[in-house]
Amino acid sequence: MSMRPNARVLRDIAKRHTVHSNELLRTAYKYIARNTTLPSRVRYMAQLELNNFPAKSRPAFVKDRCIETSRGRGVFTEFGLCRVRICALLPQYQFRRKAVHHEIPGVEKASW
């Protein structure tokens, strides 16, 4: 079942795009700003350039979301799935269901 992307998902996509487009420059400026062998003036200028980047270009602003339900909480990062899918009638456990049906390679439902 494909869901229409809501505003949160669209904002998250925009943040990911911003992070991706500024990643190389941010990494270079961070390396220069933290390199203690360089003169302090150069490090200071690099830090000023880092401050000029948009706030949403930081990787910490990107939130992991479920790829099926776009839920922002309880997401297994390795698989991109949330543990609970909110449904109209009953909660369905996406990760468990996919594990039982062998849709996730290398993952099985535990039984003891």
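Here, each number is a calculation from the coordinates, and none is a lab measurement. Predicted model only: the values in this text are computed from it and were never measured. Note that we place each Cβ from the backbone using ideal geometry, even for glycine, and neighbour counts take in every protein chain shown.
Tabulated data
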{"read-out": "Eligible aspartates and glutamates near residue 15 by straight Cα distance, threshold 18 Å, same-chain separation 8 or greater", "value": "23, 64"}
{"read-out": "Debye, to nearest 20: dipole size of the chain, +1 on Lys, Arg Cβ, -1 on Asp, Glu Cβ", "value": "360 debye"}
{"read-out": "Helix 40-52 vs. the chain, principal-axis angle (Cα, 0 to 90°, nearest 10)", "value": "40 degrees"}
{"read-out": "Modelled label reach - residue 6, point 7 Å along Cα→Cβ, region 34-65 residues with backbone N closer than 17 Å", "value": "63-65"}
{"read-out": "Helix-only [θ]222 nm of the chain, DSSP H runs n ≥ 4, -39500 (n - 2.57) each, per residue, nearest 500", "value": "-14000 deg cm²/dmol"}
{"read-out": "Extension gain (nm, one decimal) between residue 17 and residue 60, 0.36 nm per residue minus Cα-Cα", "value": "14.1 nm"}
{"read-out": "Furthest towards positive pole of dipole, 44, 110, 13, structure part the chain, Cβ charges", "value": "44"}
{"read-out": "The chain: radius of gyration over Cα atoms, expressed as a fraction of 2.2 N^0.38 Å", "value": "1.53"}
{"read-out": "Estimated FRET transfer efficiency when R0 is 35 angstrom, pair residue 78-residue 38 (beta carbons, to 0.05)", "value": "0.40"}
{"read-out": "The chain: angle of helix 7-34 to the longest principal axis, Cα-based, in degrees nearest 10", "value": "40 degrees"}
{"read-out": "Estimated dipole of region 27-87 in Debye, rounded to 20 [Cβ of Lys and Arg +1, of Asp and Glu -1, Cα centre]", "value": "160 debye"}
